[in-house]
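Q: My structure is below; once you've seen it, I'll send some questions.
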Amino acid sequence: MSSDKMPWDLNLDISVESQKDYVSKTEAETNNDIDDHKKKYGLGKPYRTIVRGDVRIDKGDVQIG
Amino acid sequence: MFGLTKEMFKLVRTTYLQADRINQGDIISDVEFIEAAEEIDGIITVAKIIFPLVIVLTQDCDLTWDFDSRQIGSSNQDKYLFSIIVAPLYNYEHFINGDHLSELHQKMAIIPSKMTATANKNLRQNETPRYHYLEFDSTVPIVNSVIDFKHYFTVNVQKLQKQKTEHYVCSVSELFRERISQRFASYLSRIGLPN
């Protein structure tokens, strides 16, 4: 990863849904000694997700003090 | 020896704690690490890494004090923590292949899969300071895993507390968690020498 770029500038083609469901099926199917729970909890890899949104608040809505 | 085999001693003991609070040694799934956040002209962008499993490393006494003082609403907030130290658990099979961070586009060191190879043996016998290898019994829904002490991070107390209510997996039992804690402290306090 380039150290001078922010995560959202990396253009990594992030697909949140596909990464959320990531399970190495081939590995799970061949590894017979692990149960379904282990497939669910044990085979995932860390993944990155980027969230972007408008958080602008009208001045009239802001309460101070 | 009372029906215990050598293999059984390799397994880390775990418990399922009913306690509401976060405990040292808790294993929690799907924990978010806020990698970076930026606000420009009212548009906020947040980059997060979601770790499938993490283990809590903060000292248990600190966690107890934090929880208790929040519960009783004490007159001062002296015992409050800002965040809790956790470290990720990586799937052993991914780990030795060096591809456990492939979704983050990071290539990691490869460790020989042959169990008699020195690097593999050192990893599994917890003789490599950076890593802690864990094998769970069949009742625990976690595959053989490796904690990477270099990848520790912190999570906001309330955020992790909330995460635990839905994503608590189990807790590593006291003796085993103390060993993890001691190895983590030792790794962090190592004296770095120049190459």
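Laboratory data are not the source of any read-out in this text; all were calculated from the coordinates shown. The structure presented is a predicted model; accordingly, all values stated were derived computationally and were not measured. For neighbour counting, all protein chains shown are included, and Cβ atoms are generated from backbone atoms with ideal geometry for every residue, glycine included.
Q: Evaluate the relative contact order of the stretch B:60-145 (contact order divided by residue number), counting alpha-carbon pairs under 8 angstrom at least 6 apart; express in whole percent. Intermediate results must be reported in sequence, preceding the final value.
A: Values: 74 pairs, mean separation 15.7, N = 86.
It rounds to 18 percent for the stretch B:60-145.
Q: Rounded to the nearest 500, what is chain B's calculated 222 nm mean residue ellipticity when only DSSP H runs of at least 4 contribute -39500 (n - 2.57) each, over all residues?
A: -8500 deg cm²/dmol, from helical runs alone.
Q: With an 8 Å cut-off on Cα pairs and a minimum separation of 6 or more residues, tell me the relative contact order of chain B in percent.
A: On the way: 299 pairs, mean separation 55.2, N = 195.
Dividing the mean separation by the residue count of chain B yields 28 percent.
Q: Also, quick follow-up: Which loop-located GluC sites (Glu not before Pro) does the stretch B:94-191 contain, where loop means any DSSP state but H, G, I, E or B and the Cβ has at most 12 other Cβ atoms within 10 Å? Walk me through the numbers on the way to the answer.
A: Values: sites: B:Glu103, B:Glu127, B:Glu135, B:Glu166, B:Glu174, B:Glu178; in loops: B:Glu127.
Those satisfying the criteria are B:Glu127.
Q: On to the next question. Go through B:Lys107/B:Lys150; B:Lys48/B:Lys79; B:Lys10/B:Lys107; B:Lys10/B:Lys162; B:Lys10/B:Lys79; B:Lys10/B:Lys159 and tell me which ones have a Cα-Cα distance over 26 Å in this structure. Working shown, then result.
A: Numbers: B:Lys107/B:Lys150 15 Å; B:Lys48/B:Lys79 28 Å; B:Lys10/B:Lys107 29 Å; B:Lys10/B:Lys162 32 Å; B:Lys10/B:Lys79 37 Å; B:Lys10/B:Lys159 33 Å.
Over 26 Å Cα-Cα: B:Lys48/B:Lys79; B:Lys10/B:Lys107; B:Lys10/B:Lys162; B:Lys10/B:Lys79; B:Lys10/B:Lys159.
Q: Right, something else. Helix B:60-72: angle to the longest alpha-carbon principal axis of chain B, degrees 0 to 90, nearest 10?
A: The helix B:60-72 is inclined about 30 degrees to chain B.
Q: For the stretch B:79-99, list residues with backbone N below 18 Å from a point placed 7 Å from the Cα of B:Arg179 toward its Cβ?
A: Only B:89-90, B:92 fall inside the zone, counting backbone N under 18 Å.
Q: What full-extension length gain, to one decimal in nm, is calculated for B:Asn76 and B:Asp30 as 0.36 nm per residue of separation minus the Cα-Cα distance? Walk me through the intermediate numbers first.
A: On the way: separation 46, 0.36 × 46 = 16.56 nm, distance 3.26 nm.
Here the segment from B:Asn76 to B:Asp30 would lengthen by 13.3 nm.
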